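The values are calculated or read from the model by the stated rules, or taken from the named source; none is laboratory data. Just so it is clear, the structure is predicted and the values come from calculations on it, not from any experiment. Every residue, glycine among them, receives a Cβ derived from its backbone with ideal geometry; neighbour counts consider all protein chains shown. Only protein heavy atoms, including side chains, enter the accessible area calculation; ligands, DNA and RNA are left aside. Shrake-Rupley method; radii C 1.70, N 1.55, O 1.52, S 1.80 Å.
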Amino acid sequence: QAWLIYFWKRAKDYRVEEDIAEERLQYWTSRSGQTPTSLDAVDVERGVIELRKLGIEQQLWEASRKETEHPHPDAAEDHTQVSESEASNI
């Protein structure tokens, strides 16, 4: 279940499969605090198969690679702001 939460969180953050990422993230998160049952193993298996069929891992890899190659302009500004903030604290 933890892997499913991890992948769906990343999918949501990277806007991969936007139409279902939030729903799946909420679903798996809501189940994470419960005592596991034998049916949970079946559900997790289905969840992993869904990730595989949708190609989520590949899509996330491509999205993170694009971000590395072409960082969002706000990311550079945020870094600068942090640097200035850190400098003022010295």
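Distance between the modelled labels on A41 and Q26, one decimal in nanometres: 3.1 nm (7 Å Cα→Cβ projection). Taken per residue, the accessible surface of segment 1-75 reaches 74 Å², heavy atoms only and a 1.4 Å probe.
Scoring 36-46, 57-67 by mean Cβ neighbours within 10 Å over their residues and listing the highest first yields 57-67, 36-46.
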